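The values are calculated or read from the model by the stated rules, or taken from the named source; none is laboratory data. For clarity, every value in this text was computed on a predicted model and none was experimentally measured. For neighbour counting, all protein chains shown are included, and Cβ atoms are generated from backbone atoms with ideal geometry for every residue, glycine included.
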């Protein structure tokens, strides 16, 4: 019998022989494990670093990574803030950086610019920290210290120009008193000027004192320094108490100021007041009670020599003519 024929195509079965696939032979898990171990190592390393650093070092690290001025342009006169201001036209400033009290006069003149005292004019001079007098001061009344608002403006501008002191704006406070203009360098919960129970200035405090000294050095007033502590004592068996600590801190501040340009003969007094004049009487143990007060004193003017004779050094100096805006233009 003849074979049955069909028009259907033949069915072809192809068998492929290969190596045995083993899911456990993949090395992908090794990469994931390496990533996990690296992350764990970084976490434990950071925990170890945090445990080993002091509070002051933590503050320094935080300030290093804090946003500061968006421009480091060194142009200008080489003075504080490179001849620029924080409120007028000038290099771009980071809006998130603490600016302190609004203000800041016109920028210092650059080479080729005019030399005028008209506010806002290109190359105008900022109002200097001069000595203001009460009416009749030249006849024997008092030389007034510069206004607290002007001292505050210049100190805050100086701090704004130092990256390490960006977090210290709240530590500096100002007041106008009967004695003169007072600058208070105050502890708070985040920043301390001295280690607890010590009169050693922290590195940031040294830099803070240097900036304050620049402003204090620009006026001739005598300076009074006083140290204050909180009401936390050293214990009944301690031979060292808050009187000693406040006096030692005031003396350490005096040395810091004289190292940074304040003549020693301008220091009128150095006092330790312990916890007797708290800044917050309702909370004697508050951190803000720990402070250093630097006062630019109002000073009496020496009377003229008898007989009307005056020497070249004691003769009163005629005030300069008023500028276009009514302020006195300082003599060069």
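In the condition set (1) crowded, with 17+ Cβ neighbours inside 10 Å; (2) at pLDDT below 95; (3) touching a strand residue (DSSP E or B) at 6+ places or on another chain (Cβ under 6 Å), residue 262 is compliant with all but (3).
As a summary of the residue check, residue 234 satisfies the conditions (1) at pLDDT below 90; (2) surrounded by 20 or more Cβ atoms within 10 Å (Cβ to Cβ) except for the one numbered (2). Every listed requirement among (1) modelled with pLDDT under 55; (2) out of contact with any helix residue (DSSP H, G or I) (no Cβ under 9 Å at 6 or more places or on another chain); (3) under 30 Å from residue 193 (Cα atoms) is met by residue 88 save one, (3).
Output yes when any residue across region 294-303 is at pLDDT 90 or above, in the same structural domain as residue 219 (by TED's automatic domain parsing) and farther than 21 Å from residue 151 by Cβ, and no when none is. Checked region 294-303: no residue is at pLDDT 90 or above, in the same structural domain as residue 219 (by TED's automatic domain parsing) and farther than 21 Å from residue 151 by Cβ. Looking at 283, 248, which one is modelled with pLDDT of 95 or more and over 22 Å from residue 180 (Cα atoms)? None of the other options fit; the residue is 248. Among the residues making up region 208-223, a single one is within 19 Å of the chain's Cα centre (by Cα), within 13 Å of residue 263 (Cβ to Cβ), surrounded by fewer than 20 Cβ atoms within 10 Å (Cβ to Cβ) and in contact (Cβ under 8 Å) with a residue 60 or more places away in the chain: 218.
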